[in-house]
Amino acid sequence: MRGGKKARAMIIGWIVLLIAAVILIAGGFYFWARRRGLAPAGPAADAARGGGSPAGRHVSLLTEAVAYVGAILLLAGGGAAVRQQWHHFTSWEQVAVFAGAAAVFLVAGGVVRRVKEAAVQRLVGVLWFASSAGVAVAAALAASNVYGMSGKVTGLTAGVVLTVYSAALWLVRRRALQCVALFAGLVVTICATILTVASHPARPAPSLAFGLALWGFGLLWAVLGWRRYVEPLWVAASLGVLLALIAPALAVADHGWVYVIAIGTAATAMALSVPLRNTPLLGLGTLATFGYVTAAVVRYFRHSLGIPATLAVTGLLILGIAVISARLMRLTRPARHAEPAAAKPAPEQKPAAADTPARKQFHRAS
């Protein structure tokens with residue numbers, strides 16, 4: 001008993017130290033940025049500065065990297081201390097550890113969110129992303145350890161909580177990491193829903209359900225990102241396309257006809273990369289096409305043609321894909337418009353002879 005109380009006291013001390021350090025760092029950084037003119041000090045100061053920050057005052061990448069390294073070491077030390085005495089915690093105390101960490105990250109990000117410096121905005125994204133992860137883990141621990149729910153219901157609870165919490169943060173701050181957290185929450189929710197509804201003790205959930213559900217969600221997310229309903233565009237569209245290309249791989253082993261969806265999606269990505277002039281989209285489509293075509297050839301022709309002939313056919317297909325992707329790569333490059341030749345300055349025209357003073361004087365004399 002004494003050992004358990006001592007361990008709890010030590011962990012609580014570490015948590016208090018961690019909270020104080022985070023608040024001190026965040027608060028000190030905010031007041032430093034405020035004195036440097038990177039944070040608004042009030043309406044009067046904003047009016048005096050014209051609403052903008054002074055030019056040339058930026059946090060260097062080295063300073064930002066050192067700050068992240070220090071934060072990682074601090075979190076690693078606290079995490080190691082918690083892990084050593086984790087078994088002494090009650091279920092509610094375990095939930096409180098992650099919920100408290102999530103609250104600390106949320107408050108710290110909110111304190112410095114008004115700073116317009118790019119490095120500070122990246123820091124806010126990282127803090128709120130960590131807060132989302134802490135909330136999800138706390139929800140999973142509460143469902144599993146406190147209420148004794150099954151693994152499927154625990155996953156569904158964590159996914160729903162992560163989705164709702166990340167969506168709220170994304171509505172406040174539509175940045176990259178908040179979009180990633182929201183996307184991850186929706187993916188976990190979809191997978192946990194399939195496990196809860198379609199899985200039974202006698203038979204697991206069908207792989208086709210996972211493949212088609214995630215494939216459809218990836219396409220929908222990519223469209224929403226392209227239409228700018230989900231921002232930023234480059235994050236949402238990339239995540240959606242990547243999921244739509246990978247998801248069919250979950251079902252092709254059990255259902256061969258899914259190769260049609262997989263190869264069709266990859267070929268569509270390659271085709272769309274030309275009018276969009278998007279080289280990364282072409283690269284993703286090419287890799288997916290290569291993987292699915294190779295797997296389909298090996299699966300359906302290795303017994304009829306034999307391994308050597310199958311390898312030869314696969315090689316020809318790879319060469320064809322390489323040629324097509326090379327041709328498309330040229331088309332996706334931005335068009336270089338010929339710069340108009342610099343107009344030569346017109347030669348300075350001399351005044352007409354009839355307008356010269358000498359000619360005017362001649363006319364007067366005559």
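No value in this document is a laboratory result; all are computed from the given coordinates. Quick caveat, the model's predicted, so the values are computed rather than measured. When we count neighbours, we look across all protein chains shown, and the Cβ atoms used for this are built from the backbone with ideal geometry, even at glycine.
Any idea what diffusion coefficient the stretch 117-208 gets from Stokes-Einstein, in µm²/s, Kirkwood Rh on alpha carbon pairs, 4 °C, 1.567 mPa s?
Here the translational diffusion coefficient equals 93 µm²/s.
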Net charge around Ala205, counting only other residues with Cβ within less than 13 Å of its Cβ (Lys, Arg = +1; Asp, Glu = -1)? +1
Any chance you could list P(r) for the stretch 170-233, counting all Cα-Cα pairs in 10 angstrom bins from zero, rounded to whole %? 20, 43, 24, 11, 2
Output ³J(HN,Hα) for the stretch 107-120: one whole-Hz value per residue in order, computed from phi by the Karplus curve 6.51 cos²θ - 1.76 cosθ + 1.60 with θ = phi - 60°, and x for Gly and Pro. 5, 4, x, x, 5, 9, 5, 7, 6, 8, 4, 4, 5, 5
Karplus 3J(HN,Hα) series, Hz, for the stretch 234-241 with 6.51 cos²θ - 1.76 cosθ + 1.60 (x for Gly, Pro): 5, 6, 5, 5, 5, 5, x, 5
Report ³J(HN,Hα) in whole Hz for each residue of the stretch 165-179, in order, from the Karplus equation J = 6.51 cos²θ - 1.76 cosθ + 1.60 where θ = phi - 60°; Gly and Pro get x. 5, 5, 5, 5, 5, 5, 5, 6, 9, 8, 10, 4, 5, 5, 5
Under-5 Å amide H pairs with Val230, H placed in peptide plane, nonlocal only: Gly225
Is the stretch 163-288 best put as rounded, prolate or oblate by its Cα gyration tensor, with a ≥ b ≥ c the root eigenvalues, rounded for a/c under 1.5, and otherwise prolate when a/b is larger than b/c, oblate when not? oblate
Coil-residue chymotrypsin sites (Phe, Trp or Tyr not before Pro) of the stretch 197-279, DSSP, other Cβ within 10 Å capped at 11: Tyr229, Trp257
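Please work out how much length the chain gains when fully extended from Thr90 to Arg203, using 0.36 nm per residue of separation minus the C-alpha to C-alpha distance, in nm with one decimal.
Gain in length upon complete extension: 37.2 nm.
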Low-density loop positions, chymotrypsin sites (Phe, Trp or Tyr not before Pro), the stretch 103-187 - DSSP coil, at most 13 other Cβ in 10 Å: Tyr147
